[in-house]
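Engineer: After the structure tokens below, expect a handful of questions from me.
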There are 2 protein chains.
Amino acid sequence: MNQVPRVVIAGAGFGGLTCARALKRAPVEVLLVDRNNYHLFTPLLYQVASALLDPGEIARPVRQLIRPLRNADFLQASINGVDFAARRLLTDHGPIPYDYLVLATGAQSDYFGNRSIAEHTLGLKDLDEGLAIRNRVLSQFEASRWTTDAAERRRLLTFVVAGGGPTGVEMAGAISELIRLVLRKDYRDLDTNEVRVVLIEAAPHVLVQFVPSLRQAALRSLERKGVEVMLNAKVETVGAGSLKVAGGDEIPAGMVIWTAGVKASDIGGATGLQLARQARITVDPTLQVPGHPVVFVIGDLAGAKDGEALLPMLIPVAMQAGKHAAACIAEMVGRGGARAFQYKDPGIMATIGRNSAVAQIRGFHFSGFVGWVIWLTVHLINIVSFRSRLVVLINWAWEYLFYDRPVRIIVRARD
Amino acid sequence: MNQVPRVVIAGAGFGGLTCARALKRAPVEVLLVDRNNYHLFTPLLYQVASALLDPGEIARPVRQLIRPLRNADFLQASINGVDFAARRLLTDHGPIPYDYLVLATGAQSDYFGNRSIAEHTLGLKDLDEGLAIRNRVLSQFEASRWTTDAAERRRLLTFVVAGGGPTGVEMAGAISELIRLVLRKDYRDLDTNEVRVVLIEAAPHVLVQFVPSLRQAALRSLERKGVEVMLNAKVETVGAGSLKVAGGDEIPAGMVIWTAGVKASDIGGATGLQLARQARITVDPTLQVPGHPVVFVIGDLAGAKDGEALLPMLIPVAMQAGKHAAACIAEMVGRGGARAFQYKDPGIMATIGRNSAVAQIRGFHFSGFVGWVIWLTVHLINIVSFRSRLVVLINWAWEYLFYDRPVRIIVRARD
């Protein structure tokens, strides 16, 4: 009997999902494995955290997304490692045999071994964390309204974002807008001079990936939106109610959001494979694991190189790598071989909030309102399904017209 | 100095919110207190539980809703009791002085002292519980897909709703539709004959509040939607993986949703006041607490009577009582007195799902598609704000056209 080869894809993010889709017509069966039952549109996660969007607007059930793929199925399970000799993916649902394996489990926050940061900051890497930030921001505002201690009130109204990359810039801008455009109306007695949104970056610039003119534009835009930007500032320790910057004073703060470090998910370490920087798995130019030709690594988890540098942890990289791995596997099933992966850079962008973004696309640079229209267009086109696009568009239009945040409710599922 | 009298309203549900709104022009200051920062549109909570709506679509921040009320403020706090002598509402934010107090803390599940039911069933009284049901239904489906034990798979695919009132009927109908119209498409190998949605009711009828012809129509509609209805059946005990009906066999079940009992919130007992049936506070015909003329009780918490019977725990009762309490307080501030409360019954309705509802309005009886159109119209008109109405309408239209549930994602906020 000629069994159809089984491709197991670990991770249903942009890389894994794209890979599954690209295998639609290949003579294989595909099993997507993820610890969540949904695919997350991560570029808009900060909008859930800032009470603009509901979780259902940026998350789609994996099973719904793979319905058109007749050769694909899904398993919700946590991934613990790989038994390369026996060709099994190890999960909390038991070992899963594979003929080809695609590792695409993405990245997580990196605290650089600093326990105080790991314990006392909030991350923004998944939906649970986004909702936790939203609950915390709103709860602190509520608490600040009824505190009679002025110092405590100012502490509750101090929101710190560590890390001046795209995520940190977007998050700081969004929190500042939430406060200045929306919560100000909910809290009539609020003195906005008591509110601080602080963005802390260890480098001398925000958005180091961008050209200097766009870094400057982003910095000015952040300041116009009321964000205090501290450059050349490294977070040393974080406590329950404050943080300390190296060589600086203690800053009382209600919450610290950590976007300053990112590394590959733990699966890299668990496999015992050779790791590159950021705990990313060292791969051949084909994205295969050296010595394990049936195993591909894609997305943030892959230590794929462009010349000497590792490829950035970006969605286009993950999606292109997903397509590449699928094409290689289809070739290999037909007794062919894997080709080298070549990344085509479509450009990068980051938004600072309402009416302001920076975009750097093949030598063209955009900022301000024009940058924002480009950002908005690209994101609307890319949101996974039509329905999300429509609802998200309505929410955005609503906020744009009425300066409102529709979903600023504090809620958690009871366990 | 002539201090403005302070009206404290405990609870921001339909009763409390209506009362605050009705006091808009009264010469008083109003403080709404609730343990959540949102007002919940409870009639659609079962749609969150069945993955049709997102939390933000049926919940609005209280602060947003009271923005137009210049004399109102909000405090998020849990309510523990009342010190009538000192005129203070006791909360986890300390005691809150009042000149007038309106108790409107609503109702909770009643397990009639049965520990096994309290421990092993899921309620549907607040948003956290609705999300917990959603997570559980979706997780059981995922688990059932990968179970090789046939008995365990059938257990995971058995969903029991206890209680044949409007909430139970709506919930059972919605789960059955979620499974038969949507999840069936997500799980290609699912044998729908293995799925059981069971509605258990101790009385000989579902929807006992309705006339016999509408009860019959609802029963037929439930059965057409694939719900097994067990009448004259009383839940005796519930275990981790099964339940037992009095005089019957053990039924293996993945989950049991409890809608069979409801009683007033604990504040009734905590005040030491005289309680009527369902732990509701006994009140004068004016809705004042006997001996405490500045304290009103409204909504599900109030043991208000219509003739001999207690008024039903319904939103129109709570809203009319809220308006009544506001009018009485305005009179009393102007040295007048309180009048007796008179409930005007606008009719009752319940939906069984897509295309089917029953409505009983002033001697007119509607069922099937006509009943459903009436149900839909009334609920759309009543959803609190324009924006919710629009988004909810889109979601409903989407589901109606495409038989889909947009938000069947399993998510919980990280603490």
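Where a number appears in this text, it was derived from the coordinates with a stated rule and is not lab data. Just so we're clear, the structure is a prediction, and the values are computed from it rather than from any experiment. Because the Cβ atoms are built from the backbone with ideal geometry, glycine has one as well, and the counts that use them run over all protein chains shown.
Engineer: If you put a point 7 Å past Cα along the Cβ direction, how far is that point for B:Ser116 from the same point in each other copy, in nm, smallest first?
Structural biologist: 5.4
Engineer: For the range A:115-260, just say rounded, prolate or oblate: build the C-alpha gyration tensor, square-root its eigenvalues into a ≥ b ≥ c, call rounded for a/c under 1.5, and beyond that prolate if a/b exceeds b/c, oblate if not.
Structural biologist: Cα axes put the range A:115-260 in the prolate bin.
Engineer: Let me ask something additional. Per-residue Cβ counts within 10 Å, from other chains only, averaged over B:141-153: what number is that?
Structural biologist: Across B:141-153, the average partner-chain Cβ count within 10 Å equals 2.
Engineer: Out of the DSSP beta bridges found with both residues in the protein assembly as shown, what percent are antiparallel (nearest 5)?
Structural biologist: 50 percent
Engineer: Using a ≥ b ≥ c from the Cα gyration tensor of the protein assembly as shown (square roots of the eigenvalues), is it rounded, prolate or oblate, where a/c under 1.5 gives rounded and otherwise the larger of a/b and b/c decides, a/b for prolate?
Structural biologist: On the way: a/c = 2.22, a/b = 1.32, b/c = 1.68.
Oblate, since a/c reaches 1.5 and b/c is not below a/b.
Engineer: Another question about this same structure. For A:Glu119 and A:Ala246, calculate 0.36 nm times their separation in residues minus their Cα-Cα distance, and state this gained length in nm to one decimal.
Structural biologist: Full extension from A:Glu119 to A:Ala246 adds 43.9 nm.
Engineer: In peptide B:327-336, how many Cβ atoms from other protein chains are near each Cβ within 10 Å, on average? Mind showing how you got there, number by number?
Structural biologist: Values: counts 0, 0, 0, 0, 0, 0, 0, 0, 0, 0.
Neighbouring Cβ atoms belonging to other protein chains average 0 per residue here.
Engineer: Would you calculate, for chain A, the mean residue ellipticity at 222 nm contributed by helices, counting each DSSP H stretch of 4 or more residues as -39,500 (n - 2.57) and dividing by all residues, to the nearest 500?
Structural biologist: Calculated at 222 nm, the ellipticity per residue is -9500 deg cm²/dmol.
Engineer: Based on the Cβ-Cβ distance of A:Gln3 and B:Glu194, what FRET efficiency does E = 1/(1 + (r/R0)^6) give at R0 = 35 Å, to the nearest 0.05?
Structural biologist: 0.80
Engineer: Which whole DSSP H helices in chain A pass both tests: a Cα extent of 15 Å or more along the axis and a mean Kyte-Doolittle value no lower than 1.6?
Structural biologist: none
Engineer: While we're on this one: Which stretch or stretches of the range A:91-107 have amide N atoms under 16 Å from the point lying 7 Å from B:Thr148's Cα along the Cα→Cβ direction?
Structural biologist: It comes to A:91-98, nothing else.
Engineer: Run the quick spin-label model on A:Asn80 and B:Ser139: label points 7 Å from Cα toward the beta carbon, then report their separation in nm to one decimal.
Structural biologist: Reported label-point gap for A:Asn80 and B:Ser139 is 1.9 nm.
Engineer: How far, in whole Å, is the closest Cβ of chain A from the axis that maps A onto B, and which residue does it belong to?
Structural biologist: A:Asp54, 2
Engineer: List residues of the range B:154-174, by number, whose backbone nitrogen lies under 18 Å from a label position 7 Å along Cα→C-beta of B:His365.
Structural biologist: The answer is B:165-166.
Engineer: Given chain A, what percent of its DSSP beta bridges are antiparallel, to the nearest 5?
Structural biologist: The answer is about 50 percent antiparallel.
Engineer: Put a point 7 Å out from Cα along the line to Cβ at B:Ala85; what are the distances to that point in the other copies, in nm, shortest first?
Structural biologist: 7.8
Engineer: While we're looking at this one, here's another question. Taking only C-alpha pairs under 8 Å that are 6+ residues apart, what is the relative contact order of chain B in percent?
Structural biologist: Relative contact order, chain B: 20 percent.
Engineer: Another question, if that's okay. Ordered shortest first, which distances in nm separate the 7 Å Cα→C-beta label point of B:Arg362 from those of the other copies?
Structural biologist: Nearest first, the other copies' label points are 6.8 nm away.
Engineer: Let me ask you something else. Going through the range B:329-366, which trypsin sites (Lys or Arg not before Pro) have at most 12 other Cβ atoms within 10 Å and a DSSP loop state?
Structural biologist: Details: sites: B:Arg335, B:Arg339, B:Lys344, B:Arg354, B:Arg362; in loops: B:Arg335, B:Arg339, B:Lys344, B:Arg354, B:Arg362.
Those that pass, being in a loop and sparsely packed, are B:Arg335, B:Lys344, B:Arg362.
Engineer: If r is the Cβ-Cβ distance from A:Ala309 to A:Glu228 and R0 is 35 Å, what FRET efficiency results, to the nearest 0.05?
Structural biologist: According to the calculation, E is roughly 0.65.
Engineer: Using only alpha carbons, build the gyration tensor for chain B and give me the equivalent ellipsoid semi-axes, biggest first, whole Å.
Structural biologist: The three semi-axes for chain B are 39, 22, 21 Å.
Engineer: Would you please give the residues with an amide H less than 5 Å from that of A:Leu275, counting only those at least 5 places away or on a separate chain, with H modeled from the backbone geometry?
Structural biologist: It is A:Thr282, by chain and number.
Engineer: Greater than 20 Å separation of Cα atoms is the criterion. Which listed pairs, A:Lys24/B:Lys185; A:Lys24/A:Lys323; A:Lys185/B:Lys24; A:Lys125/A:Lys305; A:Lys323/B:Lys185; A:Lys125/B:Lys185, meet it?
Structural biologist: As for pairs spanning more than 20 Å Cα to Cα, those are A:Lys125/A:Lys305; A:Lys323/B:Lys185; A:Lys125/B:Lys185.
Engineer: When B:Arg408, B:Arg155 are ordered from fewest to most other Cβ atoms inside 10 Å of their Cβ, what list results? Could you put the intermediate results ahead of the total?
Structural biologist: Working: B:Arg408 26, B:Arg155 20.
So the ranking, lowest neighbour count to highest, is B:Arg155, B:Arg408.
Engineer: Please say if the range B:245-365 is rounded, prolate or oblate, where rounded means a/c under 1.5 for a ≥ b ≥ c the square roots of the C-alpha gyration tensor eigenvalues, and otherwise the choice is prolate for a/b larger than b/c and oblate otherwise?
Structural biologist: oblate
Engineer: What does the structure give for B:128-137 when I average, per residue, the other chain Cβ atoms found within 10 Å of the residue Cβ? List each step's numbers first, then the result.
Structural biologist: On the way: counts 5, 2, 3, 5, 4, 2, 1, 4, 1, 0.
Average per residue, whole number: 3.
Engineer: Tell me, A:Ile381, B:Ile9, B:Ile133, B:Ile117 in order of fewest to most beta-carbon neighbours within 10 Å?
Structural biologist: Ranking A:Ile381, B:Ile9, B:Ile133, B:Ile117 by Cβ neighbours within 10 Å, fewest first, gives A:Ile381, B:Ile117, B:Ile133, B:Ile9.
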